[in-house]
Amino acid sequence: MLGTVLLLLALAEPAWPSLASLESRRAEALKRLLEVFGMEDPPAPPAHFKQPPQYMVDLFNTVANADGVTKNPDILEGNTVRSFLDRTHSEEMRFLFVLSSVAKNEKILTAELHLFRLWPRVTDGPKRHHFCQVSVYQVLEKEKPDTPGGKKLLAARLVSLQTSGWEVFAITPAVREWTEDENSNQGLLVTVQGLGGSPLDPPPLQFASGRDHHESKRPMLVLFTDDGRRGASLPTGGFPDLKPQAPDVPTKMPVPKLAGSRRARSLGRILPCRRHPLLVDFEEIGWAGWIISPKSYNAFHCKGSCPFPLGENMRPTNHATVQSIINALKLSEGVSTPCCVPNKLNSINLLYFDDHENVVLKQYDDMVAGSCGCH
C-alpha cells in the first residue's frame, strides 16, 4: 500500500511544483530584483542597532515622500548620496574616511566634510575672539602633516564663535584623488587660527569627535555621485495633462444585465485601462534589516481594455489610435487591440545601510507607474 502511495506521489510530482523548485524560483526572482537595484548581493544588516545620520534622513525626506517616490527629480544632481563616518576616533583634528564602498564607475560630483561646531570655551581676560579661521587640509604625508609639503589646502573660511552647529567644507579634489588611488588617502587635517593666521592656544573653537560625543555629531564625509544608471523614462509631452485617476482601486463599468448569457459574463470582466495598486513590501521579501526607508512602496501596474473608440482619457498614442481603428474595421488579420501600459514612470529613493554600515541614499528611475494609457 505504501509503495502504491509513493508511486502515485511520484507520478503526480510534475503537476505540483516541489518546495525546492519554489525556493529556487524565489531566489532567482530576488536576484533579479537586486539587479534592478544595482546590487549583486543584499547588504548585511548592521550587527547592532544603528541610528542613521540625521542629515541623511532629512535629505531623504526632502527628496522623497513617505513611499520613497521622488518629489522633484531635479533636487539631486546625481543619483547617489553616500555618507561616511570618521574612523580615527582621535582627540586631534585628524580625520580618516574609508571609501572602499564607492564603485569604480561612480562619478564624484561633490564631496563635503561635515563637522559639528561645539559651543566655544569661556576664555579668561578681557580679550575675546568673535571669529577664527578654520582650514581643511588634505594630508599628503601621514607622519609629517605639519611640514610645508605634508599637506595641501582644500578649504578655509572664517567661522563665528557665537553659535554651535554644523559646518560644511567642500573637499571634492581630494576625494577624487582617493577614489582613483586608494593608497593616496592619508586623511584630513583641520586647523583653527586667529584672524591673522596666528595659532590660538588653546583654540577657542572645537569640533565634535567620534570619541567623546554622541554619534549624531560625529565628523562625516558626504559624497554626491552618479553611477550612470539612468533609465529611459517614457516621453510625456504627447499626452494630455489629465488629473490623476482616483481612487486607484479596480472598478467595473456599468453593463446591461444579460443574465445567463456568455456576453454578460464577458462584458462584466471588461474594465477600462487604468492604474491599479502593486505593493512592494521590503519586509516581506527579507530586506527590512538593511533598508531604512521606505519599508514598502506602491509600484502600481496597468490593466484594462483599450476598446474602440479610444477617448482622450485613455491617453492613446497616434499609433494606438490607428491600430484600434484597423482592429475595429477588420482591415488586417492578426491585429489586436492596443495594450494598456504605463505612459509615465516615476523614480523612487532608497535610504539603506551598505556592507560597511555606511548610509546611502540612492535614486532609481522608472520604478513607479505614474499613469496608464493605451499604446
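The values are calculated or read from the model by the stated rules, or taken from the named source; none is laboratory data. No experiment lies behind these values; they were computed from the predicted model shown. Cβ placement follows ideal geometry from the backbone for every residue including glycine, while neighbour counts extend to all protein chains displayed. Heads up: the accessible areas ignore ligands, DNA and RNA and are worked out on the full protein's heavy atoms, side chains in. Shrake-Rupley method; radii C 1.70, N 1.55, O 1.52, S 1.80 Å.
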Criterion violated by THR163 - all others in (1) farther than 20 Å from ARG218 by Cβ; (2) surrounded by fewer than 16 Cβ atoms within 10 Å (Cβ to Cβ); (3) at pLDDT below 90 satisfied: (1)
Subset of the stretch 147-180 [of a type outside the set (A, V, I, L, M, F, W, C), closer than 30 Å to ALA103 by Cβ and over 32 Å from the mean Cα position of the chain (by Cα)]: LYS151, LYS152
All positions within the stretch 63-115 that are open to solvent by less than 30 Å² (accessible area, probe 1.4 Å), of a type in the set (A, V, I, L, M, F, W, C) and in a loop (DSSP other than H, G, I, E, B): LEU76, PHE97, LEU99, VAL102
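The rows are residues; the columns are (1) surrounded by fewer than 20 Cβ atoms within 10 Å (Cβ to Cβ); (2) modelled with pLDDT under 90; (3) under 30 Å from PRO294 (Cα atoms).
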site: THR321; (1), (2), (3): yes, yes, no
site: LEU329; (1), (2), (3): yes, yes, no
site: PRO342; (1), (2), (3): no, no, yes
site: LEU351; (1), (2), (3): no, no, yes
site: HIS375; (1), (2), (3): no, yes, no
Matching residues in the stretch 184-198 - criterion: being exposed (fewer than 13 other Cβ atoms within 10 Å of the Cβ) and within 29 Å of the chain's Cα centre (by Cα): none
Search result, residues across the stretch 38-53 that are open to solvent by less than 30 Å² (accessible area, probe 1.4 Å) and either basic (Lys, Arg) or over 27 Å from LEU113 (Cβ atoms) (or both): MET39
Test: VAL335 is among the β-branched types (Val, Ile, Thr), closer than 30 Å to LEU279 by Cβ and either outside any strand (DSSP E or B) or in contact with a strand residue (DSSP E or B) (Cβ under 9 Å, 6 or more places away or on another chain) (or both): no
Which listed residue is part of a helix (DSSP H, G or I), under 26 Å from LYS50 (Cα atoms) and modelled with pLDDT of 90 or more, from VAL168, VAL175: VAL175
Filter result for the condition that a residue is open to solvent by less than 10 Å² (accessible area, probe 1.4 Å), within 30 Å of ASN65 (Cα to Cα) and out of contact with any Pro (no Cβ under 6 Å at 6 or more places or on another chain), over VAL368, VAL359: VAL368
Residue check for ASN313: in a helix (DSSP H, G or I), modelled with pLDDT under 80 and surrounded by 15 or more Cβ atoms within 10 Å (Cβ to Cβ): no
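Results for (1) modelled with pLDDT under 90; (2) out of contact with any strand residue (DSSP E or B) (no Cβ under 7 Å at 6 or more places or on another chain); (3) crowded, with 18+ Cβ neighbours inside 10 Å, shown as yes or no for each residue.
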residue: ARG265; (1), (2), (3): yes, yes, no
residue: ARG269; (1), (2), (3): yes, yes, no
residue: LEU278; (1), (2), (3): no, no, no
residue: PHE282; (1), (2), (3): no, no, yes
residue: TRP287; (1), (2), (3): no, yes, yes
residue: ILE292; (1), (2), (3): no, no, yes
residue: PHE300; (1), (2), (3): no, no, yes
residue: LYS303; (1), (2), (3): no, no, no
residue: CYS306; (1), (2), (3): yes, no, yes
Residues of the stretch 6-26 satisfying the condition of being aliphatic (A, V, I, L, M), surrounded by 10 or more Cβ atoms within 10 Å (Cβ to Cβ) and at pLDDT 55 or above: LEU22
Selection count where residues are open to solvent by 40 Å² or more (accessible area, probe 1.4 Å) and modelled with pLDDT of 75 or more, scope the stretch 116-136: 4
